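Written out below as structure tokens is the structure these notes cover.
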Amino acid sequence: MSNLTSEPQNDTVVFLSGVSVRYRLPNERVATLKEYMIRLIQGKVRFHSFMALRDVNLHIRKGEIFGILGRNGAGKSTLLKVVSRVLIPTQGRVWVNGMVSPLLELGAGFHLELTGMENIQLNATLLGHNRKEIKQKIPEILDFAEIGEFIEAPLRTYSSGMIARLGFSVATAWQPDILILDEVLSVGDAAFNRKCSERMRSFRESGATVLLVSHSVDTVRSLCQRALLLEHGNVLEIGPAGKICEKYSNLIFGN
Amino acid sequence: MGNLSTPSRSIIYDSSKQRNLAIEELRSIFHYRDLIFQLVRRDLVTRYKRSVLGILWTMLNPLGTMLILSVVFSRLFNMQGHYPAFIMTNLIAWNFFAQTTSASLNAMLWGSSLFQKIYLPRTAFVVSTIGTGLVNTLLALIPLIFIFLITRVPIRATIFLLPFSMLLLVAFALGIGLILSTFVAFFPDVAEMYPILLTAWMYLTPIIYPEETLAKVLSGWLLRLNPLYLVIKVFRLVIYDGKVPTSAEWGIATGVALGTLLIGWIFFTQKSKSFAYHV
């Protein structure tokens with residue numbers, strides 16, 4: 001099953017080749033310039049490196065629902081950051097075809113003094129959309145977020161549920177080519193949660209590739225075709241979801 | 001099958017094809033130009049929306065400082081009647097520089113949490129502070145003209161050269177802002193230290209006193225090595241002195257401003273790769 005192609009193929013969406021991420025952490029945390037200078041003069045700046053990912057090779061095809069399993073600190077988030085362009089790997093090649101849904105916590109980048117409408121525009125431009133694209137989408141965003149006439153009021157008058165709804169509506173207004181699902185979504189009330197799940201499903205159905213990160217073996221087994229198991233930044237195995245789930249269960253519960 | 005509401009744009013990102021970071025960033029910031037506009041709008045709206053005096057404050061601020069300084073210093077420097085116009089011209093240039101560079105530090109601190117989550121051109125926040133600064137400067141020019149008229153300092157045609165001297169100030173402030181932001185991304189305490197540096201810089205630059213006065217205390221080379229002085233001088237010449245700067249003055253100021261911008265842009269973009277590594 002593991003694909004050893006050295007170049008992205010026609011139907012490739014995500015392609016990683018020999019990707020390593022090394023964090024260089026100072027032995028003691030030097031957070032200020034003053035301290036850094038003093039230590040530099042004393043010759044005391046030492047680093048130890050920490051491999052968050054080691055030589056990862058990955059080849060995900062269009063339309064796949066791909067599971068990522070691993071314990072806390074295994075490198076799952078780092079892998080997602082590399083795919084979503086937030087982190088440039090220390091080594092190796094990352095090749096991604098298409099728009100990746102953001103790893104944004106809902107409402108990051110919102111400003112409380114701005115109105116809901118102004119926040120929609122700010123947030124959508126943060127996600128890389130231009131004025132024209134945003135104008136087209138605004139009715140749909142408003143419709144989905146269910147904010148009503150509050151949309152012209154400053155965000156500080158909103159409830160936390162309203163803010164979360166607005167954030168989700170903006171973040172998912174555009175169909176991504178690669179959908180990253182990290183942990184379980186919990187936004188607002190049950191009715192809105194159902195709407196969210198529906199939107200996720202419609203993304204999948206219209207051909208988005210999904211990277212699913214979960215602790216739940218059952219979710220991965222039921223949704224994914226293939227999966228990857230990470231441990232200490234190393235890929236232990238890539239293969240059919242069932243097999244990987246079994247291996248993961250052994251890893252955490254077994255010997 | 002639900003039909004696709006947006007056609008999937010074919011955007012291929014290939015980390016092995018990243019050629020020149022400085023040029024990539026330039027392309028990226030152009031692509032994200034609407035973001036710059038939104039950030040400037042955010043800064044202006046949040047600044048002016050909730051205070052009644054709003055925009056008026058931006059005009060009153062340099063006016064107030066000018067009044068205080070005029071009372072204290074005008075006799076000391078022997079400029080009497082012309083001192084208010086002189087000091088206000090300098091203050092407007094200085095405020096632009098001080099405000100945009102300080103704002104870029106804060107914008108960087110604010111933005112660093114976003115850099116951990118989504119891809120954005122890293123220069124976006126620093127560039128947007130320039131936009132905000134330009135609007136504020138434009139507003140501050142209104143009371144300046146008012147003071148020129150009251151104190152009967154002639155406004156000459158050289159004022160039409162203002163866009164050019166402003167452009168140099170923009171390039172210089174952006175360059176310094178980028179360098180500072182790079183440092184603050186790694187060491188947040190730089191934001192704490194900068195106001196002190198700024199105060200020192202202000203007194204080493206002929207802002208509140210004429211350059212002849214400063215030259216008496218400071219050896220001439222220290223003055224001529226101060227890049228900010230060289231850039232602000234061109235600004236003052238076209239507004240207050242009503243003189244066309246000599247080609248040497250233009251040349252030096254342009255060299256300093258563009259050089260600073262180039263160094264800042266390259267330094268920032270080279271280091272921006274590792275911003276997300278600093279958690």
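If I go through segment B:206-249 residue by residue, how many of them are farther than 17 Å from B:VAL153 by Cα, surrounded by 21 or more Cβ atoms within 10 Å (Cβ to Cβ) and in contact with a Pro (Cβ under 6 Å, 6 or more places away or on another chain)?
Going through segment B:206-249 one residue at a time, the tally reaches 1.
Any residue that is surrounded by fewer than 21 Cβ atoms within 10 Å (Cβ to Cβ), under 21 Å from B:SER74 (Cα atoms) and at pLDDT below 95 - is there at least one of those in segment B:188-198?
Checking segment B:188-198: not a single residue is surrounded by fewer than 21 Cβ atoms within 10 Å (Cβ to Cβ), under 21 Å from B:SER74 (Cα atoms) and at pLDDT below 95.
For segment A:90-110, which positions are within 7 Å of chain B (Cβ to nearest Cβ), open to solvent by 10 Å² or more (accessible area, probe 1.4 Å) and at pLDDT 90 or above?
A:ARG93, A:TRP95, A:ASN97
Across segment B:11-59, which residue is nearest to the other protein chains (Cβ to nearest Cβ) among those that are closer than 18 Å to B:LEU174 by Cα and basic (Lys, Arg)?
Step by step, filter segment B:11-59, then rank; the result is B:ARG33.
Could you tell me which residue of segment A:164-184 is most open to solvent (accessible area, probe 1.4 Å), considering only residues that are of a type in the set (Val, Ile, Thr) and not in a loop (DSSP other than H, G, I, E, B)?
Within segment A:164-184, the match that is most open to solvent (accessible area, probe 1.4 Å) is A:ILE180.
Within segment A:112-133, which residues are hydrophobic (A, V, I, L, M, F, W, C) and under 22 Å from the mean Cα position of the chain (by Cα)?
Selection gives A:ILE120, A:LEU122, A:ALA124, A:LEU126, A:LEU127.
Which one is farthest from the chain's Cα centre (by Cα) among residues in segment B:146-193 that are of a type in the set (D, E, K, R) and away from chain A (no Cβ under 14 Å)? Write out each step before concluding.
Here is the first cut: in segment B:146-193, the residues of a type in the set (D, E, K, R) are B:152, B:156, B:189, B:192.
Still in the running and away from chain A (no Cβ under 14 Å): B:152, B:156.
On the way: B:ARG152: 29, B:ARG156: 25 Å.
It comes out as B:ARG152.
Just checking, which of A:GLY161, A:GLY128 is within 9 Å of chain B (Cβ to nearest Cβ), within 27 Å of A:GLU198 (Cβ to Cβ), open to solvent by 10 Å² or more (accessible area, probe 1.4 Å) and not in a strand (DSSP E or B)?
Working: A:GLY161 fails: within 9 Å of chain B (Cβ to nearest Cβ).
Answer to the selection: A:GLY128.
Being in a loop (DSSP other than H, G, I, E, B), within 10 Å of chain B (Cβ to nearest Cβ) and surrounded by fewer than 18 Cβ atoms within 10 Å (Cβ to Cβ) narrows it down to one of A:GLU140, A:GLU113, so name that one.
A:GLU113 is the lone residue from the list that is in a loop (DSSP other than H, G, I, E, B), within 10 Å of chain B (Cβ to nearest Cβ) and surrounded by fewer than 18 Cβ atoms within 10 Å (Cβ to Cβ).
The values are calculated or read from the model by the stated rules, or taken from the named source; none is laboratory data. Computed from a prediction, not measured in an experiment: that's the story for all the values here. With ideal geometry, Cβ positions are generated from the backbone for all residues, glycine too; neighbour counts draw on all protein chains shown. Heavy atoms of the whole protein, side chains included, go into the accessibility calculation; ligands, DNA and RNA do not. Shrake-Rupley method; radii C 1.70, N 1.55, O 1.52, S 1.80 Å.
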